[in-house]
Amino acid sequence: MIGFLIRRILAVIPVLFVVAFITFFLMKQAKGGPFDQEKEVNPATVKTLNARFGLDKPTWINTTAVSRASDQGVANPLTLTRAFLDSQFGNYIINAVQGDLGPTYSSKGTENVQDVIKRKFPISLRLGLLAAALAVLVGLPLGILGALKQNTIFDYISLIVATIGTSVPTFVTGLLLTLFLSRVFGVKPIKPIDAWDGYSTAYIAPACILGLNTMAYITRLTRSSMLEVKRQDYIRTARAKGMGDRVVITRHMLRNSMIPVVTILGPAVAGLVTGSFIIENIFRVPGIGDEFVGSIGSRDYSMIMGATLFFALLVALGNLTVDVVYGFLDPRIRSKS
Amino acid sequence: MAKENTPLLDVRNLQVQFKTQDGIINAVNNVSFTVNRGETLGIVGESGSGKSVTSLAIMRLIPAPPGKIAGGQILFDGEDLVDYSEAEMRKIRGNRISMIFQDPMTSLNPVLRIGRQMTESLQLHMNMNAKQARDRAAELLAMVGIPAPDKRLDDYPHQFSGGMRQRVMIAMGLSCNPELLIADEPTTALDVTIQAQILELLNRLKDETGTAIIFITHDLGVVAGMTDRVMVMYAGRAVEQTSTQQLYDNPRMPYTMGLLDSIPRLDEGKGERLTPIRGLPPDMLEKAERCPFAPRCDFVQEVCWTTIPPLRSVEPNHQAACLFDITHEQRQSAASKKAAEEAAALESALESVIAEEHSA
């Protein structure tokens, strides 16, 4: 198990590198730069800014630095390699490995990407985890009910809820909920900026909307998975042993039918905790999703890179968790790993 | 509670129906049979003949909907199980009547340890605590010939071979000392050497525990070594019922004869041809008032197409559902006559070819 974990964690490193490479490449392909304004900017200013953020360096590799160094008689291979990698991408990776994701351009270099993540991610994390919990706590029972009471009113209710959850976009459900809360209950669903520190009730409304889609997906997945398991021979065996419905469902069916649900939960939770641009804007949540989306428009290179890598890391960790949980659910998988 | 004079199980006019999109299928039609204490009854028939459905009906495990017990009585120890509530039935299942299924690879829960799967019925029916149940489970595993039983209790089903899993199923079936054990094709999914071991095990356990067994199979060879009496089923009906010995010595239903003639025998000469049953298995949706076997029967008469032959007594303790007194010799001589005719026809056809060649 420990060996398996170490192997899987090490495998995350090349994944992150490839993600960084592709993102960097695509980002550089996009027209425009971080210092573009509507009016023409003084070329001298741009030059200063580029130098300040290291954008005057070559994109991938720095051959001129190498030849200059060797002209100066430097022979130390380490120094030469460092000179070779004295490029935008090279410096980014070297700094990132040391935990420095670079200054954000939008803060004019006063705040680093890792500080933005540190400041805003806890809010998105709380919101996302609450959404995930709601999705599981509502989705699972709805799916189980749909499967056990197949083709009854319960099944249809579960189907309707799931269909709404998948097909109606969050900007519709979000606005409707806001309207509903304020008009019917007189609650202000939009909370002030300081309401998001720690655990507060402010999270409930946006979490409901954020988790809706995942909840719908879990409902349908649980239902079909339960129906599949219900037909299995070992369920008949359990009934033939005289086991009651409760034991058959909880002991014999649930664990077997959880495997596909757990599979989607890993990436789904990673997606939920990284925030949603739309929901953060509707409910004025100072989360990280807004930052992620906004950085692309403003060509905030370090923020784009930082956000993508952070998301990739979360997805990788989510999938790793899924693989570990698999082992607990299914002994056949455990013995193979 | 044992009533000496009544049979342990007395099934009367059992009727099981399945509702399908194409109409109602009568999977079990008016089937009656008894099982006495300590007795082994074999139920034989081809796929779809209703033998498994009969056994599931006794356990009241017919998936409903689409299936339902449409009529008849299932008297177990004098009480009609058809009238039992689900809760009452649960006290019978796994306790007084238990069941072993065909495919041991899929009949055990893959995510639960063998020990858990064995102890749950012990704790439920025998009111044992966890420790007692585990000790008894280990005892049971030893009884069915699984080495290191105490260790194997912590293993999962995938760590057992097919034959070993069927042993586990048998141990589970016998765990609460049932009065009746229903074995639904327990050896069909296993290879032949393992089959023999499992049959031997069942025979031994039958003698040791004295439990009555309903042994369901499509293999008449298996029946010979296992059962006291046999019921042959065809198209959801009982078509012949007698002692195992009688069935082999003097089968009286052409279908049974067909089955017997389809088995290769060691005491027959080499090159002897098997005589199969011609035609196709019955269409269960068909509702014609005729002998279900008529389209495949070698002795079919006009009247067979208009009457459903009832199960009638043909000799003491022997019932067959045939309107005529056809014997096995008749079928065999008819078959050999037919074979001879075919051979002669082939010969004459060849002769003319050879003659033609000679003249050319």
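Annotations for the structure displayed:
- Proximal lysines relative to A:LYS39, as straight alpha-carbon distance under 17 Å, when same-chain residues fewer than 8 apart are discounted: A:LYS31, A:LYS47
- Residues considered: A:ASP115, A:ASP155, A:ASP233. Largest GNM mean-square fluctuation over chain A, using C-alpha springs under 10 Å, is found at A:ASP233.
- Each helix, a run of at least 4 DSSP H residues, gives -39500 (n - 2.57); summed and divided by the residues of chain B, these come to -11000 deg cm²/dmol at 222 nm.
- Value of Rg/Rh across the range A:110-176 [Cα atoms, Kirkwood radius]: 1.21
- Shown for the range A:113-336 is the translational diffusion coefficient from the Stokes-Einstein equation, using the Kirkwood radius over Cα pairs, a temperature of 20 °C and a viscosity of 1.002 mPa s: 112 µm²/s.
- Counting only DSSP H runs of at least 4 residues, each contributing -39500 (n - 2.57), and dividing by the residue count of chain A, the helix-based mean residue ellipticity at 222 nm comes to -23500 deg cm²/dmol.
- Each Cα pair under 8 Å and six or more residues apart adds its separation to the average, and for chain A the resulting relative contact order is 23 percent.
- Under the Debye formula (equal points on every Cα, no solvent term), log10 I(q)/I(0) of the range B:4-105 at q = 0.10, 0.12, 0.16, 0.24 Å⁻¹: -0.28, -0.40, -0.72, -1.53
- Averaging 1/r over each pair of different alpha-carbon atoms in chain B and inverting the result gives 22.5 Å, the Kirkwood hydrodynamic radius.
- Of the cross-linked pairs B:LYS51/B:LYS151; B:LYS68/B:LYS131; B:LYS19/B:LYS91, those separated by over 32 Å at the C-alpha level are B:LYS51/B:LYS151; B:LYS68/B:LYS131.
- Computed over chain B, relative contact order equals 18 percent, with contacts defined as Cα pairs under 8 Å that lie 6+ residues apart.
- Convex hull of Cα atoms in the protein assembly as shown, direction-averaged projection (nm²): 54.4 nm²
- Straight-distance crosslink candidates among lysines, where the alpha carbon sits under 27 Å from A:LYS120 and sequence neighbours closer than 8 are dropped: A:LYS28, A:LYS108, A:LYS188, A:LYS191
- Sorting A:LEU210, A:LEU137, A:LEU145, A:LEU221 from the fewest to the most surrounding beta carbons within 10 angstrom yields A:LEU137, A:LEU145, A:LEU221, A:LEU210.
FYI, it's all coordinate maths here, none of it is from the lab. These numbers were taken from a predicted model, which means no experiment stands behind them. Reconstructed Cβ throughout: ideal geometry from the backbone, glycine too, with neighbour counts over all protein chains shown.
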